[in-house]
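The values are calculated or read from the model by the stated rules, or taken from the named source; none is laboratory data. The shown structure was predicted, so the numbers you read here are calculated from the model rather than taken from an experiment. So basically every Cβ, Gly included, is an ideal-geometry build from the backbone, and we count neighbours across all protein chains shown. We work out accessible area using only protein heavy atoms, side chains counted, and drop any ligands, DNA or RNA first. Shrake-Rupley method; radii C 1.70, N 1.55, O 1.52, S 1.80 Å.
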Amino acid sequence: MRCGLMSNPASRFGSVLSFSFEIKHAESNSLARVGTINTPHGPIQTPAFIPVGTKATVKSVLPEAMADLGAQALLSNAYHLYLQPGSDVLDEAGGLGTFMNWPGPTFTDSGGFQVLSLGVGFKKVLAMDAQTFRRDDVIAGNKDRLAHVDDEGVTFKSHLDGSMHRFTPEVSMQVQHQIGADIMFAFDECTTLHNTRPYQELAMDRTYAWALRCLDEHKRLTEERVGKTYQALFGVIQGAQYEDLRKKAARDLGSMESGGQSFDGFGIGGALDKGQLSTIISWVNEILPEDKPRHLLGIGAPEDLFVGVENGCDTFDCVLASRIARTSAVYTMEGRFNLSNSRFKRDFSPIDAECDCYTCANYTRAYMHHVFRGKEIVSATLATIHNERFIVRLVDQMRQALLDGNFADMKEQFLGRYLHRSGQSRD
Ligand SMILES: [Zn+2]
């Protein structure tokens, strides 16, 4: 049904007015709110989970299936698309949504996180364990450092072919404008919990300067690229685990303006220690302008989504749901478990009896066990559909609970079951 929105996106919306955010309900005893983000490719009812299709595809799942499971928007990554196939190819294709046959709203992450991940030597994620080290370069100690940061930008080596590239705030904006997502993020320096306090301060100053440059370049490109739909730009709040740095970033970016251009929304990024998630998000969201949407970058575990919603975040993205699905791990109301486990060989019940997804309506745990054990490609498709539906629906249920005035009860009920069983049955 949502596919009907797609066919004629570009011409109808060409102004700043095509992006807006309305708050429909705000809690009185917390920062949580319910709203709608309007984009040129349709609305996003918030809070909402935005599934990730890093390289313009949610791995193993068709866009039609993503629409059927309730995804309201998809998030891709500018760094990956810049390297392959090249952002100019997406521009020629008519933008990200048209290119990947997704009619709804799209986001692109700026690439800062991926580029900087290369710099610290991690393949997929920045380590968020504060207990280990605190030296600025220790993380890259025994690995090739693939990225170098300076005040102007980041020079990095492609993970695909070793070729050298350089991202500056201007390049990131040019790349993201070419990719054409409805919501883009400013290019920031993403630090880890391993970096020292002086380095975090330096990175914050750099992120501030880069945010201004992103605004200027964004404004220039918006004016230059006539006939295109308006692409919203979100500033990214860094500051790791430090209260003063997080609050300063929220104040600085929240009020930043250049030539009449300000940020359309905000991303909360960087090093987020799980134990401090609630505190860090509330520091930031108490300061950020209330009337602009806030996206919590890279957070998607069920228990963390509750923390994000009750502390005033509107949208979320995370690769976790699809990544763990491909390893046969699934979310259920009774916790997370692994379908490869032999106890499912003759279990003819659905993955989750309370789930309304395509997979649970048509397949059993025994069949899923069989296709995972046999390394059949369809295992990834079916498990990803289930996991993405589970997370998308969970956040939709949080939205409804906020409207119904029973968020606290809903959270307690869900986590009581989910975490209790997760602790017992994870394998
Ligand atoms: Zn399901």
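Worth a mention:
- Number of the condition not met by V171 [criteria: (1) closer than 22 Å to I237 by Cβ; (2) among the β-branched types (V, I, T); (3) crowded, with 21+ Cβ neighbours inside 10 Å]: (3)
- Condition check for N387 on (1) within 9 Å of the ligand (Cβ to nearest atom); (2) more than 26 Å from the chain's Cα centre (by Cα); (3) part of a helix (DSSP H, G or I): one failure, at (2).
- Summed over the stretch 244-263, the residues that are assigned to a loop (DSSP other than H, G, I, E, B) and either crowded, with 18+ Cβ neighbours inside 10 Å or in contact with a His (Cβ under 8 Å, 6 or more places away or on another chain) (or both) give a count of 1.
- Selection within the stretch 335-355 - loosely packed, with under 15 Cβ neighbours inside 10 Å and either part of a loop (DSSP other than H, G, I, E, B) or within 14 Å of the ligand (Cβ to nearest atom) (or both): K345, R346, F348, S349, A353, E354
- All positions within the stretch 356-384 that are part of a loop (DSSP other than H, G, I, E, B), within 15 Å of the ligand (Cβ to nearest atom) and farther than 19 Å from Y418 by Cα: Y363, T364
- In the set (1) free of Cβ contacts under 8 Å to residues at least 40 places away in the same chain; (2) outside any loop (DSSP other than H, G, I, E, B); (3) closer than 23 Å to D396 by Cβ, I299 fails one condition alone, (2).
- Looking only at the stretch 301-334, and only at residues there that are surrounded by 22 or more Cβ atoms within 10 Å (Cβ to Cβ) and among the polar types (S, T, N, Q), the one that is farthest from the ligand (Cβ to nearest atom): N311
- Of all residues in the stretch 206-238, those that are surrounded by 20 or more Cβ atoms within 10 Å (Cβ to Cβ) and part of a loop (DSSP other than H, G, I, E, B) total 3.
- Residue list for the stretch 189-205, restricted to those being among the acidic types (D, E) and open to solvent by less than 10 Å² (accessible area, probe 1.4 Å): E189
- Selection from the stretch 25-57 of residues that are β-branched (V, I, T) and closer than 30 Å to D404 by Cβ: V34, T36, I37, T39, I44, T46, I50, V52
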